[in-house]
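The block underneath contains the structure these notes are about, expressed in structure tokens.
The values are calculated or read from the model by the stated rules, or taken from the named source; none is laboratory data. Just so we're clear, the structure is a prediction, and the values are computed from it rather than from any experiment. No Cβ is skipped: glycine too gets one built from the backbone with ideal geometry, and neighbour counts run over all protein chains shown. Note: accessible area is taken over every heavy atom of the protein model, side chains too, but ligands, DNA and RNA are not part of it. Shrake-Rupley method; radii C 1.70, N 1.55, O 1.52, S 1.80 Å.
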Amino acid sequence: MNKERKLIIAGNWKMNKTVAEATDLLADLTRDLAAVKEVDIVVCPPFTALQSVSKAILETKNIKLGAQNMSENNFGAFTGEICAGMLKEFSVRYVILGHSERRLYQKESDALIAKKASAVHAAALKPIVCVGETLAEREANQTEKVLETQVRGSLAGLTKEQIVETVLAYEPVWAIGTGKTATTQQAQDAHAFIRRLLAKMFDEAAAKKVRIQYGGSVKPANAKELMSQLDVDGALVGGASLEARSFADIIKNSI
Ligand code: 13P
């Protein structure tokens, strides 16, 4: 596949995998994906497995490590939080921010996500900023309005230099873990809308460089068609990233 932007496919393991399971999964992925150079591959284990996975990842050349969240503060009295300085000890490169599950269960706001995104960049890490509408919002024809509010709010304060080092993930909430994938046209339309918005917020050249992942029931069977869309530059995979075979097949089918 010949695309303007290099594909980036990340596995969001969410609150799954013990240390032993995580290490096994990484070993299988290392074996299955050794030859892949065309795609940036990222795995995002839970915090408790970052250390063991980071050791195993040293053996691989083409798999990078991501975290699933990060504090907007750096060290101090913030019980239960994890900061950039801690993630960097484990060679973390990417941090997922504003996942819809955190927006829902932890009540994360766009303003908080923007602070976290700035903190991620300040630490020379790369954020993967998630946005997406609910089913009710889509049915009420509010998709673009919701995406605009989330994109503008969650990226507030970022510079042009920072936005090109930011990955966005369009994850329609109704497609997450439901087996319902957005149609390729729905995905492409949302991605193109986000890119036009980035051009307005920053400029055309920067918008062209930003990679926008699709997330929501991505499987080996639908990966190729989704990735073939002009503005779809990768995937953020939940359930299908928990098993080496399906995650590796998503990546191989996308090339
Ligand atoms: P599923 O792939 O399980 O639908 O999850 C998508 C997701 O939330 C990735 O962040």
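Would you list 47, 75 from the most to the least accessible area, probe 1.4 Å?
Per-residue accessible area, sorted high to low, gives 75, 47.
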>> Please state the shape class of the stretch 1-81: rounded when a/c is under 1.5, otherwise prolate if a/b exceeds b/c and oblate if not, all from the C-alpha gyration tensor.
In response: oblate
> What net charge is computed for the residues neighbouring residue 211, neighbours being all others with C-beta under 15 Å from the C-beta of residue 211, Lys and Arg scored +1, Asp and Glu -1?
Replying inline: +2
> All other residues with a Cβ under 12 Å from the Cβ of residue 120 taken together, and with Lys, Arg as +1 and Asp, Glu as -1, what is their net charge?
Replying inline: +3
>> At 1.4 Å probe size, with the rest of the protein present, what percent of the exposed accessible area of the stretch 107-188 is carbon and sulfur atoms?
In response: 53
> Excluding residue 17 itself, what net charge comes from residues whose Cβ is under 14 Å from its Cβ, given Lys and Arg +1 and Asp and Glu -1?
Replying inline: -3
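May I ask you to give the solvent-accessible area per residue for the stretch 76-233, in square angstrom, as obtained with a 1.4 angstrom probe?
In whole numbers, the stretch 76-233 has 45 Å² accessible per residue.
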> How much accessible area does residue 93 have with a 1.4 Å probe, in Å² rounded to the nearest 10?
Replying inline: 120
> With every protein chain left in place, what is the accessible area of residue 171 in Å² (1.4 Å probe, nearest 10)?
Replying inline: 10
> Which links in 55/115; 37/88; 115/252 stretch past 26 Å when you go from one Cα to the other?
Replying inline: 55/115; 115/252
> Which value at 222 nm does the chain reach when only helices count, each DSSP H run of 4 or more adding -39,500 (n - 2.57), with the total divided by all residues and rounded to the nearest 500 deg cm²/dmol?
Replying inline: -12500 deg cm²/dmol
> Can you put 100, 241 in order of accessible area, largest first, using a 1.4 Å probe?
Replying inline: 100, 241
>> Roughly how far apart, in whole Å, are the Cα centres of the stretch 117-167 and the stretch 195-255?
In response: 15
> What is the distance, in nm, between label points placed 7 Å from the Cα along the Cα-to-Cβ direction at residue 224 and at residue 19?
Replying inline: 4.1
